[in-house]
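Down below is the structure, laid out as structure tokens.
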Amino acid sequence: MQASGVMSCRTDELSLSDKCSREPRDAAVGFSGLAAPAIDGCQHKEASRQLRRQAVDFDSRTHMLLEKPIATTNMRLAIPNAAVMTVQVLIGLLEVYFVSRTGVDALAGVSPVFPLASLVVAVAQGAIGGGIVTAVARALGTGRISAASEYAWYAVALGVPLGLATTAVMVALGPSLYAHMGISGNALAIAASYSFIIFAGAVLIWLFNLLMAVVRGTGNLQVPVIVVGGGALILVPLSPALIFGAFGYQGLGPAGGAVAMLVYYALGTLA
């Protein structure tokens with residue numbers, strides 16, 4: 001009986017010690033099971049935060065948009081586009097001034113052509129060109145570089161047929177349209193001549209503005225400013241030389257201004 005009592009006491013002691021040793025382990029396991037999701041969630045958030053921080057540090061333009069003052073950022077982004085538009089407006093005004101120096105009939109003949117040419121530029125640069133800017137920007141923003149390159153070729157594929165259609169419409173309907181505007185005589189002849197030349201190169205007008213939209217979609221606003229500004233520096237002496245003549249060559253009259261504009265668009269398209 002004493003032996004059995006001793007054995008039972010030892011058994012109780014062993015079971016008690018084993019129970020006591022198991023309880024901390026079970027508590028640790030339970031705590032880790034509860035804490036593991038929280039730890040994983042914190043680690044995931046920290047990793048995401050580090051990735052975002054790295055992305056912001058890597059992309060200086062994103063850093064500028066997120067952290068720089070809004071007013072100065074908007075001004076910095078708007079100035080290049082405003083400069084391009086200002087230079088293009090000044091080019092048109094200078095062209096009218098040079099043509100007006102050849103006489104009243106020339107000014108009366110060229111005046112109705114300029115709004116139609118400006119309409120083509122506005123549609124190519126703003127309407128369809130705005131869609132190309134958006135498409136290229138979204139493709140680059142999502143990392144689809146090959147798609148953005150394809151959009152550049154889409155601009156060419158759109159510019160050629162639209163330019164040919166513009167040429168066909170204006171060559172066929174231009175003289176009668178100007179006559180309905182009230183132009184007649186020598187002014188109508190000048191209008192028809194100027195219109196035929198400028199719209200014969202409508203493909204260049206479309207390509208120049210659509211390809212410039214592709215460049216704007218990449219976020220590079222310096223190239224359009226350089227191209228338009230450089231073209232203006234060429235056009236300013238070229239236009240009066242072709243209108244009035246230079247270096248012993250006889251000028252082309254008002255039609256010389258149209259030729260100078262096409263040279264400007266051709267060089268801009270190549271650039």
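What follows is calculated from the coordinates using simple rules that are stated; it is not laboratory data. This one's a predicted model, so the numbers in the text were calculated from it and none came from an experiment. Cβ coordinates were reconstructed from backbone atoms using ideal geometry, including for glycine residues, and neighbour counts include every protein chain displayed.
Where in segment 200-228 does the label zone of Arg138 land, with the point 7 angstrom along Cα→C-beta and an amide N cut-off under 13 Å? From segment 200-228, the list is empty. The length gained on full extension between Ala165 and Asn220, counted as 0.36 nm times the residue separation minus their Cα-Cα distance, comes to 16.8 nm. If the label point is 7 Å along Cα→Cβ of Ala271, which residues in segment 211-247 have backbone nitrogen under 12 Å from it? Residues passing the 12 Å test: 212, 222-236. Beyond 16 Å, what share of the Cα-Cα pairs of segment 182-271 is found? Please give it as a whole percent. So the portion of pairs separated by more than 16 Å is 60 percent.
At q = 0.17 Å⁻¹, what is the base-10 log of I(q)/I(0) for segment 50-184 according to the Debye formula with one equal point scatterer per Cα and no solvent? Please give it to two decimals. Once normalised to I(0) and log-transformed, intensities are -1.11.
Projecting label points 7 angstrom from Cα along Cα→Cβ for Ile234 and Ser118 puts them 2.5 nm apart.
With each label modelled as a point 7 angstrom along the Cα→C-beta vector, the Ala71-Tyr249 pair spans 5.2 nm.
Report the far tail of the P(r) of segment 57-130, meaning the percent of Cα-Cα pairs longer than 16 Å. It works out to 66 percent of all Cα pairs. With Cα atoms as the point set, the radius of gyration and Dmax of segment 117-271 evaluate to 17.6, 59 Å. Here the simple spin-label model places points 7 Å from the Cα toward Cβ, and for Leu173 and Ala127 these points are separated by 1.2 nm. Out of residues 5 or more away from Gly245 or on other chains, whose amide H comes under 5 Å of its own, with H placed 1.01 Å from N in the peptide plane? Hits under the 5 Å cutoff: Gly251, Leu252. Length gained on full extension, Met64 to Ile79, computed as 0.36 nm times the residue gap minus the Cα-Cα distance: 3.8 nm.
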